[in-house]
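J.: The structure's right below; bear with me while I get my questions together.
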Amino acid sequence: MNIIITGGAGFIGSHVVRLFVNKYPQYKIINLDKLTYAGNLANLKDIEDKPNYKFVKMDICDFDGVYKLMQDEHVDGIIHLAAESHVDRSIKDPFTFAQTNVMGTLSLLQAAKLYWESLPEKWEGKRFYHISTDEVYGALEMTHPEGIKPPFTTKASSGEHHLAYGEKFFTEDLKYQPHSPYSAAKASSDHFVRAFHDTYGLPTIVTNCSNNYGPYQFPEKLIPLFINNIRHRKPLPVYGKGENVRDWLYVEDHARAIDLIFHKGKVAETYNIGGFNEWKNIDIIKVVINTVDRLLGRPEGQDMDLITYVTDRAGHDMRYAIDSSKLQRELGWEPSLQFEEGIEKTVKWYLENQEWMDNVTSGDYQKYYDDMYKGR
Ligand code: NAD
Ligand code: TYD
């Protein structure tokens, strides 16, 4: 197969590109990425010289460019991850989110439709796989702030911390109720993908995944930002009371799910991906502080005083919790890592890759971050 992976220079995309390039030497993997602030070719240094890998710098909104690339490369599959992905940025600049996430997705859909329709075999052996988020479902109520036993145990959630903060979970049939400009734009793109299946027969699949963590995540997202701040003893800006709940999945487990679903998933289906691994922000922050302190040889917990409660994010969703039992039941996917192991690996990686961190946060970027958080 010849496959375009969009957003392959970003956090999750780089793990997907690496997995596909290494696992499928017989495929041609084309990483299509605009290289925004979040895209970094240093994320792919280890595979950039492989013969089955090619990088193309392109904006997904460039319909003519995408259409020509599909023809030139005889593309059979698209795995679409390119997006503006940070909720805080979407609050400041919603237009860019609508442009990339909605119009960009539409441009890819239309290019795929026109190219595949023109082939004698049409949709046969073709796949348009759209990667989305659990945030499209809105927010769940926190009916059990003290925590209850979750309905399933997975490897990710089988460690010490093993609680759910409500009875309800995001299931595939739930109504979309996005609250942030980010999730509204992602929801809109999901609708377009399904519309292209229902209207034209395009062989689409959509997956909605919970929060990812792991190496190569851009350090304005919670976990890498806080690891870097703890290392440099800078304040840790905790929004509101730090009680919002997120359901965390190690990024390589997401990449494995994407591989499985791309090959074995049913066309027109939606699969939710998550590890039944809910954490209140403040609890995860404490784990991160203890882990960084220990790995740096500081007394464990010494940096708790960096925790700084700041003004809450506007429209901050209270709780996300994914029910991924359909994926486990139908395709046999399960997270491979216990959360405690995943966090240990993640913290170690950031501490050992300070140069990467310094490169991606240098110069203009630091100014942007400071401006974005001015007044908090
Ligand atoms: P990211 O911000 O780290 O990377 C996004 C990538 O897309 C970057 O390489 C960027 O250069 C590229 N990009 C942005 N605009 C582009 C454009 N117009 N044309 C071409 N490339 C462009 O994002 P991520 O965290 O890796 O997320 C990847 C996908 O997974 C997104 O669609 C996101 O909605 C989804 N997702 C993310 C999470 C998470 O926790 N990070 C969870 C569920 C779903
Ligand atoms: P984030 O990594 O931005 O992911 P998302 O908003 O897509 O879930 O944030 C994770 C949680 O951490 C979210 O509840 C907001 C909170 N948060 C902070 O408290 N402080 C921060 O500086 C950041 C970036 C996030």
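The values are calculated or read from the model by the stated rules, or taken from the named source; none is laboratory data. It should be emphasised that the depicted structure is a prediction, and the values quoted were computed from it without experimental measurement. Cβ atoms come from the backbone with ideal geometry, glycine included; neighbour counts cover every protein chain shown. When the accessible area is computed, the model is the full protein with side chains, heavy atoms only, and any ligands, DNA or RNA have been set aside. Shrake-Rupley method; radii C 1.70, N 1.55, O 1.52, S 1.80 Å.
To keep it simple, each residue is scored yes or no on (1) under 18 Å from residue 217 (Cβ atoms); (2) hydrophobic (A, V, I, L, M, F, W, C).
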| position | (1), (2) |
| --- | --- |
| 3 | no, yes |
| 8 | yes, no |
| 11 | yes, yes |
| 17 | yes, yes |
| 23 | no, no |
| 31 | yes, no |
| 36 | yes, no |
| 39 | yes, no |
| 44 | yes, yes |
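J.: Find all pairs meeting these conditions: Cβ atoms under 9 angstrom apart; at least six residues apart or on different chains; first residue within region 111-133 and farther than 25 Å from residue 83 by Cα and away from ligand 1 (no atom under 16 Å from the Cβ); second residue assigned to a helix (DSSP H, G or I) and of a type in the set (S, T, N, Q).
T.: Note: pairs meeting the criteria are 118/71.
J.: Just checking, does region 288-297 include any residue being farther than 20 Å from residue 210 by Cα, at pLDDT 95 or above, part of a strand (DSSP E or B) and not hydroxyl-bearing (Ser, Thr, Tyr)?
T.: Step one: filter region 288-297 for residues farther than 20 Å from residue 210 by Cα, giving 289-297.
Still in the list and also at pLDDT 95 or above: 289-297.
Checking the rest, the ones that are also part of a strand (DSSP E or B) come to none.
No, there is no match, as no residue in region 288-297 is farther than 20 Å from residue 210 by Cα, at pLDDT 95 or above, part of a strand (DSSP E or B) and not hydroxyl-bearing (Ser, Thr, Tyr).
J.: Condition first: within 16 Å of ligand 2 (Cβ to nearest atom) and in contact with a Lys or Arg (Cβ under 9 Å, 6 or more places away or on another chain). Now tell me which residues in region 67-95 satisfy that. So that I can check it myself, show each step before the final result.
T.: Taking region 67-95 first, the residues within 16 Å of ligand 2 (Cβ to nearest atom) are 81, 83-94.
Within region 67-95, 83, 85, 86, 87, 88, 91 qualify.
J.: While we're looking at this one, here's another question. What do you reckon, is residue 37 touching a residue at least 60 places away in the same chain (Cβ under 8 Å) and either surrounded by fewer than 22 Cβ atoms within 10 Å (Cβ to Cβ) or charged (D, E, K, R) (or both)?
T.: Against the criterion (touching a residue at least 60 places away in the same chain (Cβ under 8 Å) and either surrounded by fewer than 22 Cβ atoms within 10 Å (Cβ to Cβ) or charged (D, E, K, R) (or both)), residue 37 qualifies.
J.: Select from region 130-165 the residues that are hydrophobic (A, V, I, L, M, F, W, C) and not in a loop (DSSP other than H, G, I, E, B) and list them in ascending order. Walk me through it before giving the result.
T.: Taking region 130-165 as the starting set, the residues that turn out to be hydrophobic (A, V, I, L, M, F, W, C) are 131, 136, 139-140, 142, 148, 152, 156, 163-164.
Within region 130-165, 131, 136, 140, 148, 164 meet the criteria.
J.: Let me ask something else. In region 240-259, what residues are open to solvent by 10 Å² or more (accessible area, probe 1.4 Å) and more than 16 Å from ligand 1 (Cβ to nearest atom)?
T.: 240, 241, 243, listed by residue number.
J.: Let me ask something else. Could you list all residues from region 263-284 that are assigned to a loop (DSSP other than H, G, I, E, B) and either more than 14 Å from ligand 2 (Cβ to nearest atom) or surrounded by fewer than 20 Cβ atoms within 10 Å (Cβ to Cβ) (or both)?
T.: Within region 263-284, the first condition is being assigned to a loop (DSSP other than H, G, I, E, B), and the residues that meet it are 265-269, 274-277.
Within region 263-284, 265, 266, 267, 268, 269, 275, 276 meet the criteria.
J.: Something else: Could you give me the residue pairs with C-beta distances under 7 Å whose first residue belongs to region 235-246 and is over 17 Å from residue 303 (Cα atoms), whose second residue is within 6 Å of ligand 2 (Cβ to nearest atom) and part of a strand (DSSP E or B) wherever it lies, and which are 6+ apart or on separate chains?
T.: 246/211
J.: Shifting gears a bit: In the set 45, 68, 57, which member is open to solvent by 50 Å² or more (accessible area, probe 1.4 Å), within 15 Å of ligand 1 (Cβ to nearest atom), of a type outside the set (Asp, Glu) and free of Cβ contacts under 8 Å to residues at least 24 places away in the same chain? Let's see the steps before the verdict.
T.: Working: 68 fails: within 15 Å of ligand 1 (Cβ to nearest atom); 57 fails: free of Cβ contacts under 8 Å to residues at least 24 places away in the same chain.
Checking each option against the conditions leaves just 45.
J.: Let me ask something additional. Identify, by number, the condition in (1) modelled with pLDDT of 95 or more; (2) away from ligand 2 (no atom under 16 Å from the Cβ) that residue 156 doesn't meet.
T.: Every listed condition holds for residue 156 apart from (1).
J.: Say we look at region 71-92 and pick out the residues that are of a type in the set (Asp, Glu) and more than 11 Å from ligand 1 (Cβ to nearest atom); which of these is modelled with the lowest pLDDT? Lay out the reasoning, then the answer.
T.: So in region 71-92, the residues of a type in the set (Asp, Glu) come out as 72-73, 76, 84, 88.
Restricting the remaining residues to those that are more than 11 Å from ligand 1 (Cβ to nearest atom) gives 72-73, 76, 88.
Values: 72: 98, 73: 98, 76: 98, 88: 95.
The selected residue is 88.
J.: With (1) touching a Gly at 6+ places or on another chain (Cβ under 7 Å); (2) over 30 Å from residue 195 (Cα atoms); (3) surrounded by 15 or more Cβ atoms within 10 Å (Cβ to Cβ); (4) in contact (Cβ under 8 Å) with a residue 60 or more places away in the chain as the list, and residue 312 as the residue in question, which single condition is left unmet?
T.: (3)
J.: Are any residues in region 178-197 open to solvent by less than 30 Å² (accessible area, probe 1.4 Å), assigned to a helix (DSSP H, G or I) and of a type outside the set (A, V, I, L, M, F, W, C), and if so, which ones? Reasoning before the result, please.
T.: Looking only at region 178-197, we keep the residues that are open to solvent by less than 30 Å² (accessible area, probe 1.4 Å), and these are 180, 182-183, 185-187, 189-190, 193, 196.
Now restrict to residues that are assigned to a helix (DSSP H, G or I): 182-183, 185-187, 189-190, 193, 196.
182, 183, 186, 189, 190 - these are the residues of region 178-197 that are open to solvent by less than 30 Å² (accessible area, probe 1.4 Å), assigned to a helix (DSSP H, G or I) and of a type outside the set (A, V, I, L, M, F, W, C).
J.: When you scan region 227-249, do you find a residue that is near ligand 2 (Cβ under 9 Å from one of its atoms), more than 24 Å from residue 137 (Cα to Cα) and not in a helix (DSSP H, G or I), even just one?
T.: Yes; the residues of region 227-249 include at least one that is near ligand 2 (Cβ under 9 Å from one of its atoms), more than 24 Å from residue 137 (Cα to Cα) and not in a helix (DSSP H, G or I).
J.: Identify all residues within region 213-225 that are among the hydrophobic types (A, V, I, L, M, F, W, C) and open to solvent by 10 Å² or more (accessible area, probe 1.4 Å); write none if there are none. Give the derivation first.
T.: Filtering region 213-225 down to residues among the hydrophobic types (A, V, I, L, M, F, W, C) leaves 218, 222-223, 225.
Across region 213-225, the qualifying residues are 218, 222, 225.
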